[in-house]
Amino acid sequence: MPARPNEWSRGEAEKAIRAVFDAAKTGETQMVIDFDGTFEIRFVRPRVKQRTNEFLAQGGPLDE
């Protein structure tokens, strides 16, 4: 486990990569500290595109 929440040494992260990924999937960026920098690991969900006809069917206010 990391010394601080969301902060891992490179060695810890390599040993527990699944835990790092699972923690990132909760929405919190995971920091992996390397000797010459830091990796930031975050999970990005794909955006679901809405079909044009569904968008237009929602209607909306008219500015007049």
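Quote the charge dipole size of the chain about the Cα centre in Debye, to the nearest 20; the model charges only the Cβ of Lys and Arg (+1) and of Asp and Glu (-1).
320 debye
Tell me what the chain gives for mean residue ellipticity at 222 nm when only DSSP H runs of n ≥ 4 count, each as -39,500 (n - 2.57), the sum divided by the residue total, rounded to 500 deg cm²/dmol.
Calculated at 222 nm, the ellipticity per residue is -8000 deg cm²/dmol.
Give me a comma-separated list of calculated 3J(HN,Hα) values for region 25-36, in order, Karplus coefficients 6.51, -1.76, 1.60 applied at θ = phi - 60°, integers in Hz, x for any Gly or Pro.
5, 6, x, 9, 5, 9, 9, 10, 8, 10, 5, 10
Quick one: work out the % antiparallel among DSSP beta bridges in the chain, nearest 5. Walk me through the intermediate numbers first.
Values: 6 of 9 bridges.
Approximately 65 percent, going by the DSSP bridge assignments.
At q = 0.15, 0.21 Å⁻¹, what base-10 log of I(q)/I(0) does the Debye formula yield for the chain when every alpha carbon is treated as an equal point scatterer in vacuo?
At q = 0.15, 0.21 Å⁻¹ the computed log10 ratios are -0.55, -0.81.
Sort the following peptides by mean Cβ neighbour count (other Cβ atoms within 10 Å, averaged over residues), highest first: 43-56, 24-37, 7-20.
My ranking of the peptides, most packed first, is 7-20, 24-37, 43-56.
I need to check one value: relative contact order of the chain, counting alpha carbon pairs closer than 8 Å and at least 6 residues apart, in percent.
Relative contact order of the chain: 25 percent.
Pull up all non-local amide H partners of GLU7: gap of 5 or more, or a different chain, and H-to-H distance under 5 Å with H placed in the peptide plane.
MET31
A short reminder: the numbers here are calculations on the coordinates, not readings from a lab. Since the model is a prediction, treat every value here as computed from it, not as a measurement. Neighbour counts are summed over all protein chains in view; Cβ atoms, including those assigned to glycine, are modelled from backbone coordinates with ideal geometry.
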